[in-house]
Every structure is written in structure tokens, then in C-alpha cells.
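Taking it in order: structure first as C-alpha cells, then the write-up.
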Amino acid sequence: MKSEPAPESLPRHIAIIMDGNGRWALARGRDRIYGHRQGISATKKVVKAARRLGIPYLTLFALSTENLKRPARELNALFDLLRNYIQQEIDELVKNGVRLKVIGRVELLPQDIRKLIREALEKSKKGGKLFLTIALGYGGRDEMVRAVNQARLTKKNLSEKDFSALLDTAGLPDPDLLIRTGGELRISNFLLWQMAYSELYFTKTLWPDFAGAELRKAIRFYQTRERRFGLTPEQIRRGRKS
């Protein structure tokens, strides 16, 4: 058994672009919807692994604004999977101290799903072991445009902190580590403001094959990084000594 990542240097917030469901299924002679079903299984494993490791914040990119333009058959299947996930998992999440948050254009989702989301948020609001954020109908540019439009109504100059409070992720720390599965080397309009200083980890592993062992591998990569936030290594070392 491989050693667990060192607990003293775990990332506080991990964000994941869950990519590769369709390619995983097609490689096995199945349709894309089958891949999405297996992707839900991977999601459950990763949420459980993050909770066991003691990661306080986990954000998953489940459905982008662009994904809402996919063929109706695939989109309806994704909605069905989302319904099932919320209905079947919310009680288990609550039992394990997971608090749910949803970001993005939720108003673009079917009405019954919006109702399920409201109920799930209410049920899980006292969770304190893991803050699980699901991005649905989300796009980073769209989020910032909406924030700018809100900022204009204030009629005052805003600081970075003020602007962050207008984003969907208000109240969450910025991600320390972004993981993207599936081999693509881009961030695909995800958390554009929030990832200014995130460490980026790309893996060829397709999402249905991504589980606890892969998550620990990504965390160990993160733990090799020196996070300087624009400072020099000497400044970082002096800061540690002071």
C-alpha cells in the first residue's frame, strides 16, 4: 500500500475538471451515456477519499454552460444522472458531514432539478467535514460578467476582496490545486478568477478510472510544489523562519 500524503501539507481546496467519460465509454464500444454513469461512480469514490483525507473543500466541474448545448439525448441523460445522484446520495452526504453548495446558472436547469438542489442544500447546511461544491451550468467568464454587472450597481470602486464576494464562490477559499483528468491541457473556462495561483495537475487518466489512489497521487504532486505567490524563494524562507 502506498503511503498517504503528508497531512501537514494537504491542499485546503481541491478543484477538479472531471473529463473523459465519453472517451472512456467509446473505447469500450459503449455510448457516451454509459461513460457518464461510470463517471458518477468515480465522483462518489473521490468525494469519499477527500473526506477521509481531511480535505476541507472540494469543487467539481460537472456541467458547463457549453455542455448545455449538447445533443438533447445526451443532455437529458445527464439530467437524469444528476437527479439520481442528488436523490440517492444526499442522505449519505449529510450522514458523513458533507455540506453541499451549487454554483453556476442553476436557473437554466429543469425545474424539478432546481427543487432537488434547494432541498439538498437545506438538508446539508450543517455539514462541517467537507464543503462539496458542484458547478452546474457554470462558466468562468459568465460568472465574472454577472459579478461585474452587480458591481456596477454599487457605484463604487471595488477591491479584489469586494469583487470576490460577488462571485458564485463567495465564502470559499481559492483552490490550492486544480486537477484535470482525461489528458487535455487547458482549464476550459473554469474558476478563471479563483485559480490565479492554483497549482495545476493534468493526468491522462479518464474520469471513470480516477479514484482515491489517483487523488492521492495528485496531492503528492502538490506537496512537491513551492507556492510563492509572486515572492522570491528567499522571501518565502525568511517568512518561514520568522
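Going by what's in this entry, would Leu75 be described as touching a Gly at 6+ places or on another chain (Cβ under 8 Å) and over 21 Å from Leu191 (Cβ atoms)? Can you show your working first?
Values: touching a Gly at 6+ places or on another chain (Cβ under 8 Å): no; over 21 Å from Leu191 (Cβ atoms): yes.
Spelling it out, it is not the case that Leu75 is touching a Gly at 6+ places or on another chain (Cβ under 8 Å) and over 21 Å from Leu191 (Cβ atoms).
If you go through the range 104-122 and keep only what is under 20 Å from Lys44 (Cβ atoms) and surrounded by 16 or more Cβ atoms within 10 Å (Cβ to Cβ), you end up with Ile113, Leu116, Ile117, Ala120.
Looking only at the range 226-236, filter to residues that are more than 19 Å from Thr59 (Cβ to Cβ) and not in a helix (DSSP H, G or I); which one of those is modelled with the highest pLDDT? Only one residue fits best here, namely Glu226.
What are the residue pairs meeting all of these: first residue in the range 213-242, first residue within 14 Å of Leu200 (Cα to Cα), second residue surrounded by fewer than 10 Cβ atoms within 10 Å (Cβ to Cβ) and modelled with pLDDT under 80, Cβ atoms under 8 Å, and 6 or more apart or on different chains? Partner pairs satisfying both residue conditions: Glu226/Pro233. Candidates are the residues of the range 188-225 that are among the aromatic types (Phe, Trp, Tyr) and part of a strand (DSSP E or B); the one that is farthest from Trp24 (Cα to Cα) is Tyr201. With respect to (1) out of contact with any Leu (no Cβ under 7 Å at 6 or more places or on another chain); (2) surrounded by 15 or more Cβ atoms within 10 Å (Cβ to Cβ); (3) not in a helix (DSSP H, G or I), the lone exception for Lys45 is condition (3). A single entry from Ala15, Ala25, Ala62 fulfils the requirement of being in contact with a helix residue (DSSP H, G or I) (Cβ under 9 Å, 6 or more places away or on another chain) and under 27 Å from Arg220 (Cβ atoms): Ala62. One residue stands out in the range 2-61 among those that are polar (S, T, N, Q) and touching a residue at least 12 places away in the same chain (Cβ under 8 Å): the one that is nearest to Leu172 (Cα to Cα), namely Thr59.
Collect the residues in the range 135-148 that are of a type outside the set (Gly, Ala, Ser) and either free of Cβ contacts under 8 Å to residues at least 24 places away in the same chain or not in a helix (DSSP H, G or I) (or both), keeping them in residue-number order. Before you say what the answer is, go through the steps one by one.
Pass one, the range 135-148, residues of a type outside the set (Gly, Ala, Ser): 136, 138, 141-146, 148.
Once the filter is applied, which keeps residues that are of a type outside the set (Gly, Ala, Ser) and either free of Cβ contacts under 8 Å to residues at least 24 places away in the same chain or not in a helix (DSSP H, G or I) (or both), the range 135-148 yields Leu136, Tyr138, Val145, Arg146, Val148.
Under the condition of being more than 15 Å from Gly137 (Cα to Cα), in contact (Cβ under 8 Å) with a residue 40 or more places away in the chain and not in a helix (DSSP H, G or I), the residues counted in the range 92-121 number 3. Report whether or not Leu132 is within 15 Å of Ile40 (Cβ to Cβ) and part of a strand (DSSP E or B). Yes. Ser124 passes every criterion in (1) touching a helix residue (DSSP H, G or I) at 6+ places or on another chain (Cβ under 9 Å); (2) small (Gly, Ala, Ser); (3) at pLDDT below 95 apart from (3).
The values are calculated or read from the model by the stated rules, or taken from the named source; none is laboratory data. Since we're looking at a predicted model, the values are computed, not measured. Neighbour counts are summed over all protein chains in view; Cβ atoms, including those assigned to glycine, are modelled from backbone coordinates with ideal geometry.
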